[in-house]
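Here's the structure, in structure tokens; my notes come after.
The values are calculated or read from the model by the stated rules, or taken from the named source; none is laboratory data. What you are looking at is a predicted structure, and each value in this text was computed from that prediction instead of being measured. Glycine also receives a Cβ, built like all others from the backbone with ideal geometry; neighbour counts cover every protein chain displayed.
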Amino acid sequence: MHYTLHQLKVFLTVTETGSITKAAEELHLTQPAVSIQLKNFQDQFDIPLIELIGRKLYITDFGHEVAESAHQILREVETINDKGTAHQGELTGKLKISIVSTGQYIMPHFLSSFIKEHPNVNLIMDVTNKAKVVESLEKNLVDFSLVSLIPETLNIDRIALMENHLFLVGNAHEAEQYQSIRKKDLSKIPLIFREKGSGTRQTIENFFTKNKIDFKQTLTLTSNEAVKQAVIAGLGFSIMPTIGIRDELLNGTLKIIPISGFPITSEWSLVWLKKKKFSPVARTYLEELKKKKEEIMRTKFSWIEENEPV
């Protein structure tokens, strides 16, 4: 067999996008060029890698196995290239991180100084839902993932970054009706939730189950921003992480309603697969993060304690 790294890259991109057209766009190639490389790669195997049924492309079981190997090979090549430049005194390469949607308010602050100090590092940060974050971690598609709930199905290591505090919030007008309420009173007010499967939703449901609290669900929305806007509009109340509502708390658009036993607390952690072979970029980032995380907490997140009820 005499396939090339370029053919591996083309085939892997086709499997990831599920489309020759999309693969061509991502690789900045023409569709005929991708088709030719795909055919040349396929010609070296007796077993089909893909199937075309109608106009839809399907990856065979054997194709998925080859794609997994291709991914590992290309990552090793990246590591070799990165080590070469590292020996020249220059840190370069990719840093791949997947984060749950609420993590967008946190992770950039833990990346900013590193990216500024190493301008040749290419940061790829995927902001998505919890299920896809866990999937990217499980398939070893990323170096790190940011989560507020540790995936119990994976064998991982982690570094704790900061606590995640969730409070009951309402808009300025609605919150005036509730100066303070008891946990059992949560069953009487309309609550807006994140979608099933989100880390925030799971944390809240775990708390409700533990405390035997029923609740009245008004809306289910698929992003923290959508929930925030619904609360501001007066459609109901929500239990939200303070990290995502800083500006609204400071300007008084949203207000925290004190409840005995609150906040609900989880912990933001950066996680990675145990025994993962780090690239020089990922290893350097982790080492620098361990040294600087306390300073980042002091300089970037001191406002949290100042705006949360005691």
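Within region 15-33, residues that are farther than 19 Å from L52 by Cβ reach partners that are among the hydroxyl-bearing types (S, T, Y) with beta carbons closer than 6 Å, at six or more positions or on different chains, in the pairs E26/T13; L27/T13. Yes or no: region 276-293 includes at least one residue that is crowded, with 20+ Cβ neighbours inside 10 Å and among the small types (G, A, S). Checked region 276-293: at least one residue is crowded, with 20+ Cβ neighbours inside 10 Å and among the small types (G, A, S).
Confirm whether S113 is part of a helix (DSSP H, G or I), of a type in the set (S, T, N, Q), at pLDDT 90 or above and under 22 Å from the mean Cα position of the chain (by Cα). Reasoning before the result, please.
On the way: part of a helix (DSSP H, G or I): yes; of a type in the set (S, T, N, Q): yes; at pLDDT 90 or above: yes; under 22 Å from the mean Cα position of the chain (by Cα): yes.
It is true that S113 is part of a helix (DSSP H, G or I), of a type in the set (S, T, N, Q), at pLDDT 90 or above and under 22 Å from the mean Cα position of the chain (by Cα).
Annotation note: Cβ proximity below 6 Å between a residue of region 221-238 that is free of Cβ contacts under 8 Å to residues at least 24 places away in the same chain and a residue that is buried (at least 18 other Cβ atoms within 10 Å of the Cβ) and in a helix (DSSP H, G or I) (sequence gap 6+ or interchain) occurs for no pair.
Can you tell me which residue within region 272-310, out of those that are touching a His at 6+ places or on another chain (Cβ under 8 Å) and in a loop (DSSP other than H, G, I, E, B), is modelled with the highest pLDDT?
Of region 272-310, the ones touching a His at 6+ places or on another chain (Cβ under 8 Å) are 281, 284, 296, 300-301, 304, 308.
This time we only want the ones that are in a loop (DSSP other than H, G, I, E, B), so: 301, 308.
Working: F301: 90, E308: 78.
Checked region 272-310; the qualifying residue modelled with the highest pLDDT is F301.
The set of residues from region 229-261 being surrounded by 13 or more Cβ atoms within 10 Å (Cβ to Cβ) and under 20 Å from K300 (Cβ atoms) comprises M240, P241, T242, I243, G244, I245, R246, E248, L249. Collect the residues in region 172-206 that are within 25 Å of G252 (Cβ to Cβ), of a type in the set (V, I, T) and modelled with pLDDT of 80 or more, keeping them in residue-number order. Residues satisfying the conditions are I189, I192, T200, I204.
One residue is enough: does region 213-224 have a residue meeting the conditions of a type in the set (D, E) and farther than 23 Å from Q177 by Cβ?
Step one: of region 213-224, the residues of a type in the set (D, E) are 214.
Right, trim to farther than 23 Å from Q177 by Cβ and you get none.
No: region 213-224 contains no residue that is of a type in the set (D, E) and farther than 23 Å from Q177 by Cβ.
Return the total of residues in region 162-200 being closer than 23 Å to E305 by Cα and in a helix (DSSP H, G or I). Steps first, answer last, please.
Start the filter on region 162-200 by keeping residues that are closer than 23 Å to E305 by Cα, which leaves 162-172, 175-176, 178-183, 199-200.
Right, trim to in a helix (DSSP H, G or I) and you get 172, 175, 183, 199-200.
Qualifying residue count, region 162-200: 5.
Within region 116-153, restricting attention to residues that are in a loop (DSSP other than H, G, I, E, B) and closer than 19 Å to G244 by Cα, which residue is modelled with the highest pLDDT? Working first, answer last.
So in region 116-153, the residues in a loop (DSSP other than H, G, I, E, B) come out as 118-120, 129, 139-143, 148-153.
With the extra rule that they be closer than 19 Å to G244 by Cα, the set shrinks to 129, 148-149.
Details: N129: 85, S148: 91, L149: 88.
The qualifying residue modelled with the highest pLDDT is S148.
Condition check ((1) assigned to a helix (DSSP H, G or I); (2) closer than 19 Å to K139 by Cβ; (3) over 32 Å from the mean Cα position of the chain (by Cα)) across all residues:
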{"site": "H2", "(1), (2), (3)": "no, no, yes"}
{"site": "L8", "(1), (2), (3)": "yes, yes, no"}
{"site": "F11", "(1), (2), (3)": "yes, yes, no"}
{"site": "A24", "(1), (2), (3)": "yes, no, no"}
{"site": "A33", "(1), (2), (3)": "yes, no, yes"}
{"site": "N40", "(1), (2), (3)": "yes, no, yes"}
{"site": "D46", "(1), (2), (3)": "no, no, yes"}
